[in-house]
Structures are given as C-alpha cells and as structure tokens.
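The values are calculated or read from the model by the stated rules, or taken from the named source; none is laboratory data. No experiment lies behind these values; they were computed from the predicted model shown. Neighbour counts run over all protein chains shown; Cβ positions are idealised from the backbone, glycine included. When the accessible area is computed, the model is the full protein with side chains, heavy atoms only, and any ligands, DNA or RNA have been set aside. Shrake-Rupley method; radii C 1.70, N 1.55, O 1.52, S 1.80 Å.
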Amino acid sequence: MGVQQPIIALVRTKRQHVGELGRICFEAFKDVADHHGFTPDFSSVADARRAIGELVRRSDEFYGVAALVDGEPVGSNFLTLADPVTGVGPITVDLAFQSQGVGRALMRDVIEFAKRERIERVRLMQDAFNMASLTLYASLGFEVKEAAALMLAQPAGAPDPAIRPATEADLAAIETLGVRLYKTSRRNEVASALRHGRTVLLRERDGEGVGYLVPGMFGHGIASTTDDALALVGEAARRETFRPVHFFCPLSEAELFRAVVRAGHRVVKVMNLMALGPYEPPDAVWLPSVAY
C-alpha cells in the first residue's frame, strides 16, 4: 500500500499561524542547507518568525497562503504584490509532511491567485543545489532564466561622496532607472523599503541618478556601470548596521562577477532565477532579489 496523502486545507495566512509557520520555515531551510553543506538562510526560529510575521502583517503587499492538516499549519507560501512583476516565496513545508503534495498545492495556489489577479509575470529564486524544488517548479511551468550568486558583501574602506540615502523624492528617478534598465517598475517595492526604514542608497553623477541599491536578499539594485554597482555594494556594507550584508550577482554579468570577486565579496551559494510568463532580460548592470 502507498502512503496515504494528507487532506490539505489552504487558507490565507493569519497572525495565529506565525509562530508555527516560523518554526517550519526555519527547520525546512536548515534541513536542506545542512544536507548540502550550506549555511541556512535563517539564523534561528526567532529570525524566521520575524520574517514570516512581517509578510503576514503586510497583507496589502504580500499574498500569503497556509496549508493546514487537521487544522494545524504544515506549510506556507507567499507572493509579492507591490509591482507588475510578482515574486514567489518563501515556500516551506514541515519536515513531517514533505513529499506528500503540500508544496505542490502551495505553489498551485499562488499561481492560481496570480491568474485571478491577471498577473502575467511570476518569478522566484531557487537554490541550485535543491533538486526537489527545481523539479517541482519546472513541472509547474517555471523556466530557468539566469543563475545568480548570493554574495557576502565587504565594506568599502572609505565613504563614497557620490552615494547618499535615497528619499521619497527620489522615487521618480529610481522608477525611471528601473523601467529603462530592468524593463519594469519596482517603484512600489522601493517605496515600501523606505517606509519600513530599510536602507536605500542612490548613486549620482553630474546630478543624475546612475544606480540604486536596497541591500539584502530581499533587496535589489541596478547600476549604469560595473563601477557604480561596486561602489553601491561597498558603501551599503560600510553603512549597514545589521551585518552581514548580502546581494545577488547574475553570473551572466561576467564582468561584474569578476569585479565583485576581485573586490573581496564572497560567494555564498548559487541560485536560479526562474520565470513563469513573459521575461525580458534587464540591460546594463542589475542585482536581483530573492524574489526576482
């Protein structure tokens, strides 16, 4: 006889789910990272609970779905909603319920939500060493578009006078950069980062913005040149109170990757940027987020 599949109920994530979903998130990421010899993305259960709690609390910016079995949470998934391109994750399933259809149900739910909301472009970042998730996402229609190295940033030795903290007054310039180089606006995402007190840095030349960076796995950036990107990353690591500071470097940007390695930034792991729906590669120098 085969293993009986659990009866899964899918509901919107609620505050009362956060404690258990945070535990599940931490243990799931730790299990797969330990198995492959990598450092987990979350340092503790408390760290994962803070992250899940923030996503649940900001329900206007994130769609969250929880999987329940016998009324108890066994997994969750999220979808960013701020801008035209949406990003999936984190998706996690309790270790006791893995390989029983929970992850597939959670992925199908966010895909169906995107369809109902007429969202055409859905993306995610997948750990390249995780064959189970790669197979799942591919089976649901996602295609690998880029490989990106998650990097540990090293602080610049001195302040860069061309870089300053961005403000809401800079959002129009940031949107212009994004549309021109990313081929899509991430204005609302950056505005949210500013509202919630996150670091957003802008680099200027001759009075015009030539790049910006929201540091961290959930951040992103774009720059006109490799030197602009290097300056932003180094300055972010120098300024950021909460260490370590991470950023993503697309491996297709060979010049940038060589430059960040020469500058002392260290590779943590490689992830795959996967897309469902239309995808247009960005121009110039771009630094994706864990969502896209």
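Brief remarks on what is shown
- Inspection of segment 261-277 finds a residue satisfying the criterion of being of a type outside the set (S, T, N, Q), open to solvent by less than 50 Å² (accessible area, probe 1.4 Å), touching a Gly at 6+ places or on another chain (Cβ under 7 Å) and farther than 22 Å from Pro165 by Cα.
- Failed item in (1) more than 16 Å from Leu230 (Cα to Cα); (2) outside any strand (DSSP E or B); (3) touching a residue at least 40 places away in the same chain (Cβ under 8 Å), with Leu124 passing the rest: (2)
- Count - residues of segment 78-115 that are among the aromatic types (Phe, Trp, Tyr) and either open to solvent by 20 Å² or more (accessible area, probe 1.4 Å) or out of contact with any strand residue (DSSP E or B) (no Cβ under 7 Å at 6 or more places or on another chain) (or both): 2
- Members of segment 39-76 that are open to solvent by 70 Å² or more (accessible area, probe 1.4 Å) and farther than 24 Å from Phe129 by Cβ: Arg49, Arg50, Arg57, Asp60, Asp70, Glu72
- Among the residues of segment 192-218, the one identified as touching a residue at least 60 places away in the same chain (Cβ under 8 Å) and more than 20 Å from Gly234 (Cα to Cα) is Ser192.
- Restricting attention to segment 218-244, the residues that are buried (at least 17 other Cβ atoms within 10 Å of the Cβ) and closer than 21 Å to Pro281 by Cα total 11.
- Only a single criterion out of (1) within 15 Å of Val93 (Cα to Cα); (2) touching a residue at least 40 places away in the same chain (Cβ under 8 Å); (3) loosely packed, with under 15 Cβ neighbours inside 10 Å; (4) not hydrophobic (A, V, I, L, M, F, W, C) is not satisfied by His36, namely (1).
- Some residue of segment 138-158 being in a helix (DSSP H, G or I), small (Gly, Ala, Ser) and at pLDDT 95 or above: yes
- Across segment 176-194, the number of residues qualifying as modelled with pLDDT under 95 and open to solvent by 50 Å² or more (accessible area, probe 1.4 Å) comes to 4.
- Given (1) open to solvent by 50 Å² or more (accessible area, probe 1.4 Å); (2) modelled with pLDDT of 95 or more; (3) assigned to a helix (DSSP H, G or I), number of the condition Arg118 does not satisfy: (3)
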